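Right, one structure below, let's go through it.
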């Protein structure tokens, strides 16, 4: 595992960011349901929904689409936010290494 981190630091940082993005989205959605808030998309599907909508097929499809977009955006954004600084450090170190030769 350590050899993979040293061989591919940018990929490792992106994977770590993507995993944390999934975890972040899960926490946000479950907190919306557990605390009876309207902040989560899953609260639209709950029978005790504060919005007052009954879960019908179009509402379920809309909630699934919003969940997909939310998870994909969290995965992409967190992967990029974790990988970008590591990529800059790797670039800087490689430039320094080539200038020493």
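The values are calculated or read from the model by the stated rules, or taken from the named source; none is laboratory data. Being a predicted model, the structure only gives us computed values, none of them experimental. Counting neighbours? That spans all protein chains shown, and the Cβs are built from the backbone with ideal geometry, glycine included.
Which pairs have Cβ atoms under 7 Å, sit 6 or more apart or on different chains, and link a residue in region 82-96 that is exposed (fewer than 11 other Cβ atoms within 10 Å of the Cβ) to one that is at pLDDT below 95 and not in a helix (DSSP H, G or I)?
none
Here's the yes/no breakdown for (1) part of a loop (DSSP other than H, G, I, E, B); (2) at pLDDT below 75; (3) surrounded by fewer than 16 Cβ atoms within 10 Å (Cβ to Cβ):
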residue	(1), (2), (3)
16	no, no, no
23	no, no, yes
29	no, no, no
40	yes, yes, no
54	yes, yes, yes
58	no, no, yes
62	no, no, yes
65	no, no, yes
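Looking at residue 49, is it surrounded by 14 or more Cβ atoms within 10 Å (Cβ to Cβ), modelled with pLDDT under 80 and in a loop (DSSP other than H, G, I, E, B)?
It is true that residue 49 is surrounded by 14 or more Cβ atoms within 10 Å (Cβ to Cβ), modelled with pLDDT under 80 and in a loop (DSSP other than H, G, I, E, B).
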